[in-house]
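Report on the following structure.
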Amino acid sequence: MTGSPHVVSDVMTRTVLALRHGAAFKDIVQAMQQWHVSAAPVLDDDGHVVGVVSEADLLRKEQARGVGPGPLPAPGRGKATAVTAEELMTVPAVTVHPGAALPEAARTMARHGVKRLPVVDADGLLQGVVSRADLLKVFLRDDEDIAEEIRHEIVPHLFPDVAEPVRVRVRDGVVTLTGRVPDTTLVPVAVGWVRGVDGVVAVDCALAGPPRRPDLDPDLPEVRHAPPA
């Protein structure tokens, strides 16, 4: 099997902007600009994440300025008149745990259409924030480091007895596998495992089965047994 994959706690940002539920609108805008973030988790008095305020939440007030006299439309009424983080925040907060695998965090972001996820422990306490940029850090992994993991963790496990070594080459995150293996049914398994190694961009597999043995004495006539008398 491959080595332990990177998890959220390996790439998350630990020093993050967090808002108290009573934070005022202008203070939130100023803090988000100073920290250069597009969203921030909102904490209760015990440090639990109870929601998230994003730029989209804040812009509801700006959008309402273009509405003429009369009551605001129902969908934007609440946040257009909000003045605190508690009134502005989106609930429930979409979060992820520190031990979650990076693909899981990426799928959660895609499913909910968010760019950042608060990272919380089992008690819901804030541990950090993971962003799309954090998830991409894994692709900065050194090519030789990737190759060494494949050579030591995958190849010996799947192909322990090979006449010639399986060759592993990595360039810009693209893995090339060459050589002959005794069981070609394991080749798709190898490709799947290699694709799951942190930092791998793509896999180019050229693994082949064992060479065919030549027929022995091919010029000898076929031996036919005479039928019993």
message: On the basis of being modelled with pLDDT of 95 or more, part of a helix (DSSP H, G or I) and within 24 Å of LYS137 (Cα to Cα), does VAL194 make the cut?
response: yes
- prompt: For the range 170-184, what are the residues that are among the β-branched types (Val, Ile, Thr), exposed (fewer than 15 other Cβ atoms within 10 Å of the Cβ) and at pLDDT below 95?
  reply: THR184
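Would you confirm whether any residue within the range 2-18 is at pLDDT 85 or above and part of a strand (DSSP E or B)? It would help to see each step written out before you state the result.
First, the residues of the range 2-18 that are at pLDDT 85 or above: 7-18.
From what's left, part of a strand (DSSP E or B): 7, 13.
Yes, the conditions are met somewhere in the range 2-18.
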message: Of the conditions (1) out of contact with any Lys or Arg (no Cβ under 9 Å at 6 or more places or on another chain); (2) surrounded by 17 or more Cβ atoms within 10 Å (Cβ to Cβ), GLU144 satisfies every one except a single condition; which number is it?
response: (2)
message: Being aliphatic (A, V, I, L, M) and over 23 Å from LEU135 (Cβ atoms) is the filter here; which residues of the range 1-41 pass it?
response: LEU19, ALA23, ALA24, ILE28, VAL29, ALA31
field: Residues that are under 16 Å from the mean Cα position of the chain (by Cα) and either among the acidic types (Asp, Glu) or on the phi > 0 side of the Ramachandran plot (or both), drawn from the range 77-128
entry: GLU104, GLY113
- prompt: Out of all the residues in the range 41-71, which are in contact with a Gly (Cβ under 9 Å, 6 or more places away or on another chain) and modelled with pLDDT under 75?
  reply: GLN63, ALA64, VAL67
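The values are calculated or read from the model by the stated rules, or taken from the named source; none is laboratory data. Here the structure is a predicted model, which is why all the values come from computation and not from measurement. Don't worry about glycine lacking a Cβ; one is built from the backbone with ideal geometry, like all the others, and counts go over all protein chains shown.
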